[in-house]
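Below you'll find the structure, written out as structure tokens, and then a few comments.
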Amino acid sequence: MGQAASELQHVANQLQGMAADEKKFIQAVFEGKVEESKAALLENPNVIFARTRDWYNAWHLAARAGNMEMLEMLGRNGKKGSASRKPIPGEPPPYSAKSKKGQTPLMLACEEGHAEAMVALLSNGADVLDIDSYGNTCVHYAAYKGHVKVLELLLARADAGGHGDKAKRYTDLRNEAGLMPLHFAVWAGQRDVAATLFAAKCRLNATSHSDSLGLVTCNAGSTALHLAAMRGNLDMATYILEIWATMNAQPQRKKPVKDPRTLQDHYGFTPLQSATALLRLLDPLTRVEPPARDEEQYARARALLRDQSVRRSNPNSGRDSLEAGIAAGGDASMEPHPLAAPRPARLSTDGAEDGDGGAGAEATDRDARGGDIGTNSAAGSPGQSLSAEVRARRRAEAEAAEARRAEEDRAAAANAAEERAAAAEQAGLPPPKYVCPITLCVMDDPVTAADGVSYERSALEMWMELGNDEFPGSGVKIEDRTITPNPELKAEIAKWRAFKL
């Protein structure tokens, strides 16, 4: 009931400011009352031009609902107003009128997947090439929503091929950003729609003309593979590359299709670089650091744990502090401060007890507060010597653990590189170390950067000139811009090329 009441309130808001006969007609169309709508039209044919505050007329409402009876009635009685009404210059017919967002009734029918309503609208004169405020057509809406049947009916029309005009081919229609229906299907993850478009010979490597912030958000120059990479859709990216491989495997093809993995958008990003952030995060070799801790909360927790440890190891410390407080005239109910609790007694190196008093305790307390280690060591405090030794031992253990982790990371990286090289050799591809991480092509003039990775000289120089602060092959921050030629790798690549030929 709540949703129905909300819809009725929305309709009431849309009908504000309309004449009584127009309001009655639009209300009847919205509720699907065909006879009442027909009677209103026959009484005053000009109510067909009535529209809501969103500029939806009767055709919009019937198309969005997929009401075939209403559309058939409108086709017979609502294609134009009375003969005495003078049309407004540039005014489209009611079945092609646009809402505030520029949507026609045909777009709404395709967006909702009403195939029969779409056919009825086309038979009444609706135009597939009409565009909304962003340049999208009904083909874009059908592709975005994944309505394969609607798309197949559109592509089966006689004028779907554009009659020789490539710009009017239904598969290659572009919006204001230059995005085609294939871009919309890939962005929305509609693989069946993409298959339908490829079967209709859509362009695989079509690129957008400008940045898009509409239904599809992408950079200028983006291909379908760029969008699949941005969305992290492995299934769609694999399917696009399979289509590319199938196209190039056709013996009748005279000119091979470019590898979509090598194409760059207008900002110089390939699909691989668009997905680099996600790939680095999912790579097992990437170290994931814990979030930064709250130092203040950490200090409070550590002080509490230290106080509890002192109480467990020296049960009398709390009683001694309490008695001292009472002797000084304090309140017997007052708890000793955690940081004021004395440390447990321990033996010094000469066998004497290092308790709460004396120089040893004072040095120990000063060490706990971060005092000068060198001064206390010179004074010969046994407690301070033991504390320094413990700290040095912990430092050594931490350094050893870090060295072990670094060695494990290097070993894992080496194993991964060997596995990639073996897989590339088995597939007939060049070894990964011969391929530049920037151009993704076999290098002609390999050089080694400060991160230890080899790059194509011209590509790396351009990468640095563009102001990037990380090496693309390793993610290491660029602090040293030294470039060292790699003649050994160049010779290996030359031998590999000679063997391939």
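The values are calculated or read from the model by the stated rules, or taken from the named source; none is laboratory data. Because the structure is predicted, anything quoted here is derived from the model rather than measured. Neighbour counts run over all protein chains shown; Cβ positions are idealised from the backbone, glycine included.
I'd like to check something: does region 207-214 contain any residue that is in a helix (DSSP H, G or I), of a type in the set (G, A, S) and surrounded by 20 or more Cβ atoms within 10 Å (Cβ to Cβ)?
Checking region 207-214: not a single residue is in a helix (DSSP H, G or I), of a type in the set (G, A, S) and surrounded by 20 or more Cβ atoms within 10 Å (Cβ to Cβ).
Got at least one residue in region 84-97 being β-branched (V, I, T) and crowded, with 17+ Cβ neighbours inside 10 Å?
No: zero hits.
Anything in region 460-484 that is more than 25 Å from L272 (Cα to Cα) and surrounded by 13 or more Cβ atoms within 10 Å (Cβ to Cβ)? List them, or say none.
none
Test each condition in (1) surrounded by 15 or more Cβ atoms within 10 Å (Cβ to Cβ); (2) in a loop (DSSP other than H, G, I, E, B) for L129 and report the one that comes out false.
(1)
Mind checking whether some residue in region 56-78 is modelled with pLDDT under 90, outside any helix (DSSP H, G or I) and either in contact with a helix residue (DSSP H, G or I) (Cβ under 8 Å, 6 or more places away or on another chain) or not aliphatic (A, V, I, L, M) (or both)?
Yes, the conditions are met somewhere in region 56-78.
What do you reckon, is E116 crowded, with 19+ Cβ neighbours inside 10 Å, outside any loop (DSSP other than H, G, I, E, B) and out of contact with any Asp or Glu (no Cβ under 9 Å at 6 or more places or on another chain)?
Judged against the criteria, E116 is not a match.
Considering every residue within region 32-48, establish whether at least one is assigned by TED's automatic domain parsing to the domain that holds I131, closer than 29 Å to T137 by Cα, under 41 Å from the mean Cα position of the chain (by Cα) and in a loop (DSSP other than H, G, I, E, B).
no
Find all pairs meeting these conditions: Cβ atoms under 6 angstrom apart; at least six residues apart or on different chains; first residue within region 484-495 and farther than 16 Å from V435 by Cβ; second residue of a type in the set (A, V, I, L, M, F, W, C) and part of a strand (DSSP E or B).
P485/V447
What residue, of H183, H163, is touching a helix residue (DSSP H, G or I) at 6+ places or on another chain (Cβ under 8 Å) and part of a helix (DSSP H, G or I)?
The match here is H183.
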